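The structure under discussion appears below in the form of structure tokens.
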Amino acid sequence: MGWWTEPLRRWTEALAIESVVEYAPATSRSAIGQWANENLEWHIQLDEATRVRFPGWHPTDAMRDALLWTLFNNRGAQAGSADALELDYRALLDKDVGELVLEMSAAAPIQAVSCEFWSYPGYLFLVRRKGALVDTDEAESAWAQMIPDVLRAVLGEGWHRVLGERQDVIAYLPASKVDEAVLDAAEFADAECMTKRLESVAKLLVSAIAEDAYHDVMVSVSRRIEQPRQLYAGLVSAVLAARLQWPDNVRTAVYGDALLPMFSALATQDAVEAFWQGLGERCQVPVDAWPEDWLEIVRGVISANLNISEAARILYVHRNTLIHKIDRLEQITGYDVRNVTDAMILYFAALLKTQQIALN
């Protein structure tokens, strides 16, 4: 039910006229809240993705002004929701991982988004711009013009909103529509978890935006939103998923799929120092004296699920070269990344080291 539903119902019943609320992307932001006549039929653009048209009704100027005034002066709940979404997103960008985790359980300040194409449960897709792939002016124009079309092509007809000065975008995908958005639904037809499906949709968005909107983007997916009061936590989780992105070249992140990076980011300074001290008991060599490419090696082997041949492909090195590097790393550190337990320790060490580099 949209913010326009009740006042629109009262008007149409009073005048005995027909109204049709339908999906229709706004041609521009200035079109929202305006009357237009198309094919001798009047309609009002209600928001970025919705319009109401009046088949067979030919209102006078005074009637159009009166209806427009009634609708848009009674949309307080929607306006407040949109403003809150904008302000809270900006505030979340300034928070660290610990603060974001606390915000997950905070009281929900955002009300339900009013949109005819919003149903629960569902997921928020946060599209954050990393950089343009072509000339700046052309890229900015393509972003503004193409992003609604790309979202509609990948996610289907639905709700989206541009957020902040960065012009990031947040879109909503009902859980019932996820399989329709997956590029190859047959691949996930059996026991694949929802996380894999959502990741597939996110990757498709990244690819489509690069091709059609000329931008390199990071797409993060929120936790499952079951009801309106979880919208704020969903927004926080999408920002948190992006913040926990690891390694650096990853372009997609689904909340709940980066728990180890989250815990490493939440570790206290005392816990981190104790970890490094424990690590040194075996290798007795300072981390700063480890091979310069140890982070790259660990990332590659972990990303390949300890498959050395696959890791060599990911790292663009010959398999024998990678084995030599791993043997050298084991000799210096005392940890063998081919061993599951050692790999977990080195993985945590890599996470902590990456955070240290980022902070410095």
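The values are calculated or read from the model by the stated rules, or taken from the named source; none is laboratory data. Bear in mind that the values here come from a model prediction, so they are computed numbers and not experimental data. Here the Cβ positions follow ideal geometry from the backbone for every residue, glycine too, while neighbour counts run over all protein chains shown. Heads up: the accessible areas ignore ligands, DNA and RNA and are worked out on the full protein's heavy atoms, side chains in. Shrake-Rupley method; radii C 1.70, N 1.55, O 1.52, S 1.80 Å.
Provide a single number: the residues in the range 36-57 that are crowded, with 16+ Cβ neighbours inside 10 Å and touching a Lys or Arg at 6+ places or on another chain (Cβ under 8 Å). Selection size over the range 36-57: 5. The number of residues in the range 26-75 being at pLDDT 80 or above, in a loop (DSSP other than H, G, I, E, B) and among the hydrophobic types (A, V, I, L, M, F, W, C) comes to 3. Can you tell me which residues in the range 257-276 are of a type outside the set (Phe, Trp, Tyr), open to solvent by 50 Å² or more (accessible area, probe 1.4 Å), in contact with a helix residue (DSSP H, G or I) (Cβ under 9 Å, 6 or more places away or on another chain) and in a helix (DSSP H, G or I)? Those that are of a type outside the set (Phe, Trp, Tyr), open to solvent by 50 Å² or more (accessible area, probe 1.4 Å), in contact with a helix residue (DSSP H, G or I) (Cβ under 9 Å, 6 or more places away or on another chain) and in a helix (DSSP H, G or I): Leu260, Leu266.
When you look at Ala91, is it at pLDDT 75 or above, of a type in the set (Gly, Ala, Ser) and either open to solvent by 60 Å² or more (accessible area, probe 1.4 Å) or within 36 Å of the chain's Cα centre (by Cα) (or both), yes or no? So that I can check it myself, show each step before the final result.
Working: at pLDDT 75 or above: yes; of a type in the set (Gly, Ala, Ser): yes; either open to solvent by 60 Å² or more (accessible area, probe 1.4 Å) or within 36 Å of the chain's Cα centre (by Cα) (or both): yes.
The answer is yes for Ala91.
If the condition is being open to solvent by less than 70 Å² (accessible area, probe 1.4 Å), closer than 26 Å to Leu155 by Cβ and among the aliphatic types (A, V, I, L, M), then the range 1-35 contributes Val20, Val21, Ala24, Ala26, Ala31, Ile32. So for the range 277-296 (the condition being open to solvent by less than 20 Å² (accessible area, probe 1.4 Å), in contact with a Ser or Thr (Cβ under 8 Å, 6 or more places away or on another chain), outside any helix (DSSP H, G or I) and among the aromatic types (Phe, Trp, Tyr)), does at least one residue qualify? Among the residues of the range 277-296, at least one is open to solvent by less than 20 Å² (accessible area, probe 1.4 Å), in contact with a Ser or Thr (Cβ under 8 Å, 6 or more places away or on another chain), outside any helix (DSSP H, G or I) and among the aromatic types (Phe, Trp, Tyr), which makes the answer yes.
Residue count for the range 137-155 satisfying the condition of being small (Gly, Ala, Ser), under 26 Å from Glu199 (Cβ atoms) and open to solvent by 30 Å² or more (accessible area, probe 1.4 Å): 1.
Of all residues in the range 145-170 being in a strand (DSSP E or B) and farther than 20 Å from Val21 by Cβ, which is nearest to the chain's Cα centre (by Cα)?
Taking the range 145-170 as the starting set, the residues that turn out to be in a strand (DSSP E or B) are 160-163, 168-170.
With the extra rule that they be farther than 20 Å from Val21 by Cβ, the set shrinks to 162-163, 168-170.
On the way: Val162: 12, Leu163: 12, Asp168: 10, Val169: 8, Ile170: 7 Å.
Filtering first and then ranking leaves Ile170.
Here are Leu351, Leu329, Leu346: which of them is over 27 Å from Val97 (Cβ atoms) and either out of contact with any helix residue (DSSP H, G or I) (no Cβ under 9 Å at 6 or more places or on another chain) or touching a residue at least 24 places away in the same chain (Cβ under 8 Å) (or both)?
Working: Leu351 fails: over 27 Å from Val97 (Cβ atoms); Leu346 fails: over 27 Å from Val97 (Cβ atoms).
Result of the check over Leu351, Leu329, Leu346: Leu329.
Going through (1) surrounded by 16 or more Cβ atoms within 10 Å (Cβ to Cβ); (2) modelled with pLDDT of 90 or more; (3) part of a helix (DSSP H, G or I) one by one, Gln331 falls short only on (1).
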